[in-house]
Amino acid sequence: MKNNKILKVNEIFKSIQGESTYSGLPCIFIRLTYCNLRCTYCDTEYAFHDGKDMSIADILNQIKPMKIKLVEITGGEPMLQKDVISLMEELLKNNYKVMLETSGAISLGDVPQEVNKIVDFKCPSSLMADKNLWAILDELNSKDEIKFVIGDLNDYKWVKSKINKYNLDEKWTILISPVFGKITLEEIANWILEDNLKVRLQLQMHKYIWDPDKQGV
């Protein structure tokens, strides 16, 4: 049975969704262990290895008392775990609104269409841009969102080039976030306004509500 399948879970908690078009809403986060990338600015290195084995039934039992129907599966890189698809399917069966935050490095072809995918393509300052799998774009639907984390002007110019090359802003919501503490929101906002770029600037709201280094929020 799917509910007996095991995933390595780093943490489960409820918080305020800090990013995406769902920003500001109460949300349950299921953070899975392991990541295949090593971005220079990663703020969840603790999810590379630490975690405990949980069945899908265990996960469902833990989140049910939280009484929130918006759930984000994140990491690490959640797509590294073979049973993550079964987890998504069971969450959907239990009437959860499911979001998946994933890097742009692993195929999403098996992800249920009902899941809202947030694809975090890596900019040059991450030193992981060569891992981007642009064929993922063919696996997205119109409700999915594309995210870029920007650390400097070079990243911003690179994002502009990718938006133009793939006509990203004609098909999806484009999210731009700062590398927290490295670049100011004002800098990015000024660049966006100068170019009339059709993107949504994100504040990473959770990092302003709580200590930006605090886990589980």
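Per residue, the convex hull spanned by the Cα atoms of segment 123-166 amounts to 76 cubic angstrom. Please name whichever of T44, Y22, P178 sits farthest to the positive end of the charge dipole of the chain, dipole taken about the Cα centre and charges placed at Cβ: Lys and Arg +1, Asp and Glu -1. Going by the charge dipole, the pick is Y22.
On full extension, the segment bounded by S142 and N196 gains 17.3 nm, given 0.36 nm per residue less the C-alpha separation.
Here's the list of lysines a cross-link from K171 could span, going by alpha-carbon distance under 23 Å and ignoring same-chain residues fewer than 8 apart: K97, K117, K122, K131, K143, K147, K157, K160, K162, K198.
Once divided by 2.2 N^0.38 Å, the Cα radius of gyration of segment 141-212 becomes 1.11.
In a simple Cβ point-charge model (Lys, Arg +1; Asp, Glu -1; nothing else charged), segment 102-217 has a dipole of about 60 debye relative to its Cα centre. Peptides 190-201, 13-24, ordered by how many other C-beta atoms sit within 10 Å of their residues on average, highest first, read 13-24, 190-201.
Karplus-based coupling profile of segment 110-127, in residue order and whole Hz: 8, 6, x, 4, 6, 6, 7, 8, 10, 9, 9, 5, 8, 7, x, 5, 6, 6, with θ = phi - 60° in 6.51 cos²θ - 1.76 cosθ + 1.60 and x standing for Gly or Pro. Close amide H contacts of F121 (hydrogens built in the peptide plane, cut-off under 5 Å, sequence separation of 5 or more or a different chain): G104, K147.
The chain gives an Rg/Rh value of 0.95, both radii derived from C-alpha positions and Rh following Kirkwood.
Taking a Cβ cut-off of under 11 Å around Q62, the surrounding Lys, Arg, Asp and Glu residues balance to a net charge of 0, with basic ones at +1 and acidic ones at -1. On a 0 to 90 degree scale, rounded to 10, what angle separates helix 153-166 from the longest Cα axis of the chain? With both axes taken from Cα atoms, the answer is about 80 degrees. Segment 73-140 and segment 1-49 have Cα centres spaced 11 Å apart. For the chain, the per residue solvent-accessible surface stands at 47 Å², with DNA, RNA and ligands left out and a 1.4 Å probe. Distant-in-sequence amide contacts of L201, defined by a placed amide H-H separation under 5 Å and a gap of 5 or more residues or a different chain, comprise I176. For I150, the residues 5 or more places off, or on other chains, whose built amide H falls under 5 Å of its own are S177, V179. Against the chain, whose longest principal axis comes from its Cα atoms, helix 84-93 is set at around 70 degrees. Gain on full extension, evaluated as 0.36 nm per residue between L203 and N154 minus their Cα-Cα distance, stands at 15.6 nm. For segment 60-66, 3J(HN,Hα) computed residue by residue from phi via the Karplus equation (6.51, -1.76, 1.60; θ = phi - 60°) reads 4, 5, 6, 8, 4, x, 6 Hz, glycine and proline entered as x.
Ignoring ligands, DNA and RNA, what percent of the accessible area of segment 91-184 is carbon or sulfur (1.4 Å)? Here carbon and sulfur together make up 46 percent of the probe-accessible area.
The values are calculated or read from the model by the stated rules, or taken from the named source; none is laboratory data. This one's a predicted model, so the numbers in the text were calculated from it and none came from an experiment. Reconstructed Cβ throughout: ideal geometry from the backbone, glycine too, with neighbour counts over all protein chains shown. Side chains included, ligands, DNA and RNA excluded: accessible areas come from the protein's heavy atoms. Shrake-Rupley method; radii C 1.70, N 1.55, O 1.52, S 1.80 Å.
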